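Take a look at the structure set out below.
The values are calculated or read from the model by the stated rules, or taken from the named source; none is laboratory data. Treat the numbers as computed from the prediction; the structure is a model and nothing was measured. Cβ coordinates were reconstructed from backbone atoms using ideal geometry, including for glycine residues, and neighbour counts include every protein chain displayed.
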Amino acid sequence: MLHADRLAFAHPGAALRYEFSFTAAPGEITAISGQSGSGKSTLLDLVAGFLAPSGGALTLDDRNLLPLPPEQRPVSILFQSETLFDHLSAARNLALGLPSGMPAAEARARIAAALVEVGLPGIENQRAATLSGGEKQRVALARTLLRDRPVLLLDEPFSALDDSTRGTMRDLVRGLTERQGWITVLVSHHADDIEALAARRYRLADGHLVEQAI
Amino acid sequence: MPRSSSLPPRPLRLVAGAALALSIAALVVLVLVSILRAATGAAASSVDIWRLVVMTSTQAALTTVISLIVGIALAWALNRLRFPGRDLIVGLFASAIVTPGLIIAFGLLAVWGRAGWVNEASLALTGQSLEVPIFGLGGILAAHVILDASFAARILLARLDAIPEARLKMGQSLGLGALQRFTVIDWPMLGPTLPGLGAIIFLLAFTSFPIVLLLGGGPANQTLEVAIYAAVRLDFDLAGAVQLALVQIAICSAIILATAAFAPVSAATGRSRPPRWRDAGWARSVQWAILAVSIVGFALPLVAILVDGIGPGIIELAQRESFWRALVTSLVIGTGSAALTLLLALTIGMARAATASRLARTAIGAPAYAYLAVPAVVLSLGAFLLVRDMGLLPEFAAPVVVLVANALLSLPFALATLAPPLEAVAASRGKLIRSLGLGGWAQFRDVEWPLLSRDAGVVVALSFCFSLGDLGVVALFGTEDFTTLPLAMYRALGAYRSNDAATIAALMLLLTIAAFTLLPRLFGRSSDAAR
């Protein structure tokens, strides 16, 4: 279980002080909604380690995550954009998710398998810049598979996609979350995404999370 | 919907811009015609053009390569490190673009010259003289790299600052190491800027005048610019000067045409904000080392100028009438050319923004950029010949020629800074401006000026500082009665009055720093007050 307990933060010079408490469980998607500027991205930054909270606790199965720098947190992130490095091939982007020093043959096999898993077999050598928005998101999802971190943070990941691609991505995220047992936290202001995916819901208002009934 | 329908109709702007563009083009043509006429009527000359071209190209190429490498390293270090006074250090390197070459050359002599700090320290400590070869190619390269690598670092730092935060977060969460971060995240941002930046540095080094004049150490290291000056002022070989000027224009034009495809480099870089993600371990140690060496390399000559120049010599200099004349002339010419540059850049920039036709935009802007191909000494030579052809005495025309020439030489930088935001406003706010029925003046006062004023301050500061430090234009027009600070300093050096030269250098440096730091703020504040 990922558990935040009164995780506190205030942006310098801002009057509003955030205090987040929530619980997210393995194999299910926890959705967080709220208006633009309500603090959704701040919450993800705190969980990912990009921001240091002024108080509170953040644990994964009772392990304290707060002392860990972002690269050591058991977390993968998927943003709305900037999910891949455009000048690299799909395979090189995926390789960034593998442990360094892995034998090349094993790395190639794992990359190929991950691409099959997200429905994009054989695109290893394609430059990321030539991929569509939906394909980029799927390659990024494949990389989270390779990284094999228990927590997946999704920051408005479907916002830039058309309706049919959106449906495909939703199915992929739901399926992978269930199969891999990921703790997936979805931040979105799209009610239909939340409706389709969330097993648990929170609404962010005035710096606090309020759990909502499904 | 065609783009033209979203642009507010601004016929006055178009007419004013086109008229100015025509006038500027006519002036270029007149200068070229004067040079060509002199070339056809002149006697044979013995200048060795090929040797000069090889020397000039070699030092410019070496300057470019070394400056880009040092600039990348310095930008990398500045982007990663956070420390008290970071803004000041970034500002110090940003000031390189306006620091007169004469000042840096003189500062290098103050540190590394025979009577410089290093040699004096060596004599005091070891009794041995430390002979540093400051005159010649080494000295020229050192001075150029100090200026151009700092300029490159500031431009490249702006590119690194522009890396989207989400990309950095992704890289950090993936645990990229310092080297991997540079190749995967930084390099794609830096790479596309390098050809354009390299071309500018090459052009600056190729047309460098005061540094080569002071540190060249003789004919062996002469460049085309200095050879033109020497041909006119020292050898009275007008035919040689004209031949050299034509070669210079041809090469500069070829470089500009070859690099026209690259993005223009704006002089306004804004405030630098370091990313939250910092490198650790060996990378951070290397970054601190790079920063320390760069600060010493760039700041030490400037500190030496201030220490050597601010002293009792000021009182002696202040008693000379010629000094006050030079100071007033420099301030008047600097202020006048800065005002003229801003007026020209705004008028041409607004005219370009008022038309949807790419051809019209190019036609209006091209004459201004043509001055990149006409270096200061060549422009001065052309103006000198033109004035002579018109039957005027050069000393009567000098103030106007120097003021206008300095404004025109700053114009390409000014236009590269102001034209893109003006065009962006027209493209993104054109429909809104039309729907609100704003007139041209209201558009300028309420929409464009508030967005542009700080950049306009940068343009004014740049132009003022360029003009203040100019030696290339005034070198051919200067007389006993018409002298600017750089010319007075150069004459003082020639007459072995090094104390006077040091004091003038310190004063020029202080004026440059004051203009570069205060003017953009002053302009920015004026727009804040108007809002």
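Against the definition (within 20 Å of B:A370 (Cα to Cα), modelled with pLDDT of 90 or more and among the polar types (S, T, N, Q)), how does B:S23 come out, yes or no? So B:S23 passes the test.
Being among the small types (G, A, S) and at pLDDT below 80 is a condition met by at least one residue of segment B:506-525.
One line per residue, one yes/no per condition, for (1) in contact with a Ser or Thr (Cβ under 9 Å, 6 or more places away or on another chain); (2) assigned by TED's automatic domain parsing to the domain that holds B:S34; (3) in contact (Cβ under 8 Å) with a residue 60 or more places away in the chain:
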site: B:A351; (1), (2), (3): no, yes, yes
site: B:L359; (1), (2), (3): no, yes, no
site: B:V402; (1), (2), (3): yes, yes, yes
site: B:N406; (1), (2), (3): yes, yes, yes
site: B:F413; (1), (2), (3): yes, yes, yes
site: B:L422; (1), (2), (3): no, yes, yes
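Listed here are the residues, each with its yes/no results for (1) in the same structural domain as B:R454 (by TED's automatic domain parsing); (2) at positive phi; (3) surrounded by 21 or more Cβ atoms within 10 Å (Cβ to Cβ); (4) in contact with a helix residue (DSSP H, G or I) (Cβ under 9 Å, 6 or more places away or on another chain).
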| site | (1), (2), (3), (4) |
| --- | --- |
| B:T479 | yes, no, no, yes |
| B:L485 | yes, no, yes, yes |
| B:M489 | yes, no, yes, yes |
| B:Y496 | yes, yes, no, no |
| B:N499 | yes, no, no, yes |
| B:T503 | yes, no, yes, yes |
| B:L511 | yes, no, no, yes |
| B:A515 | yes, no, yes, yes |
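Each residue in segment B:146-190 was checked for being surrounded by 18 or more Cβ atoms within 10 Å (Cβ to Cβ), within 13 Å of chain A (Cβ to nearest Cβ) and acidic (D, E), and 1 pass.
Kindly establish whether A:V116 is more than 19 Å from the chain's Cα centre (by Cα) and at pLDDT 90 or above. So A:V116 fits the description; yes. Assessment of segment A:41-57 against the conditions (in a strand (DSSP E or B), under 16 Å from the mean Cα position of the chain (by Cα) and of a type outside the set (G, A, S)) yields no matching residue.
Does B:G171 fit the bill of being farther than 18 Å from B:A96 by Cα and in contact with a Ser or Thr (Cβ under 9 Å, 6 or more places away or on another chain)? Taking the combined requirement at face value, the residue does not satisfy it. Looking at segment A:89-108, can you tell me whether even one residue there is facing chain B (nearest Cβ under 10 Å), assigned to a helix (DSSP H, G or I) and over 20 Å from A:T184 (Cβ atoms)? Yes, some residue in segment A:89-108 is facing chain B (nearest Cβ under 10 Å), assigned to a helix (DSSP H, G or I) and over 20 Å from A:T184 (Cβ atoms).
Checking segment B:462-471 against the condition returns a match, with at least one residue being among the acidic types (D, E), under 22 Å from B:S208 (Cβ atoms) and in contact (Cβ under 8 Å) with a residue 40 or more places away in the chain.
Filtered by the rule that a residue be among the acidic types (D, E) and crowded, with 23+ Cβ neighbours inside 10 Å, segment B:191-239 gives a lone residue, B:E225. When you go through (1) more than 27 Å from B:A280 (Cα to Cα); (2) within 14 Å of another protein chain (Cβ to nearest Cβ) one by one for A:S21, which number turns out not to apply? Checking A:S21 against (1) more than 27 Å from B:A280 (Cα to Cα); (2) within 14 Å of another protein chain (Cβ to nearest Cβ), the one that fails is (2). Considering B:V387, B:V400, the condition of being of a type in the set (A, V, I, L, M), on the phi < 0 side of the Ramachandran plot and either in contact with a Leu (Cβ under 6 Å, 6 or more places away or on another chain) or surrounded by 20 or more Cβ atoms within 10 Å (Cβ to Cβ) (or both) is satisfied by B:V387 alone.
In this entry, B:A162 passes the filter for residues that are in the same structural domain as B:L244 (by TED's automatic domain parsing), over 26 Å from B:A299 (Cβ atoms) and in contact (Cβ under 8 Å) with a residue 24 or more places away in the chain. Of all residues in segment A:48-86, count the ones that are surrounded by 14 or more Cβ atoms within 10 Å (Cβ to Cβ), within 14 Å of chain B (Cβ to nearest Cβ) and over 17 Å from A:R149 (Cβ atoms). The number of residues fulfilling the criteria is 7. Listed by first and then second residue, the pairs linking a residue in segment B:280-304 that is assigned by TED's automatic domain parsing to the domain that holds B:A142 to a residue that is crowded, with 18+ Cβ neighbours inside 10 Å and charged (D, E, K, R), with Cβ atoms under 6 Å apart and 6 or more places separating them unless they lie on different chains, are B:Q287/B:R80.
The condition (being touching a Gly at 6+ places or on another chain (Cβ under 9 Å) and either closer than 29 Å to A:R179 by Cβ or of a type in the set (D, E, K, R) (or both)) is satisfied by just one residue among A:A4, A:A10, A:A24: A:A4. Number of residues in segment A:109-122 that are surrounded by fewer than 19 Cβ atoms within 10 Å (Cβ to Cβ) and either assigned to a loop (DSSP other than H, G, I, E, B) or at the interface with another protein chain (Cβ under 9 Å from one of its Cβ atoms) (or both) equals 3.
Condition check ((1) assigned to a helix (DSSP H, G or I); (2) modelled with pLDDT under 90; (3) in contact with a helix residue (DSSP H, G or I) (Cβ under 7 Å, 6 or more places away or on another chain)) across all residues:
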position	(1), (2), (3)
B:L92	yes, yes, yes
B:L109	yes, no, no
B:S129	no, yes, yes
B:I134	no, yes, yes
B:L141	yes, no, yes
B:L156	yes, no, yes
B:A166	yes, yes, no
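Of all residues in segment A:25-38, one or more are part of a loop (DSSP other than H, G, I, E, B), modelled with pLDDT under 90, in contact with a strand residue (DSSP E or B) (Cβ under 7 Å, 6 or more places away or on another chain) and closer than 25 Å to A:A191 by Cα. B:V401 passes every criterion in (1) closer than 21 Å to B:A25 by Cβ; (2) in a helix (DSSP H, G or I); (3) under 15 Å from the mean Cα position of the chain (by Cα) apart from (3).
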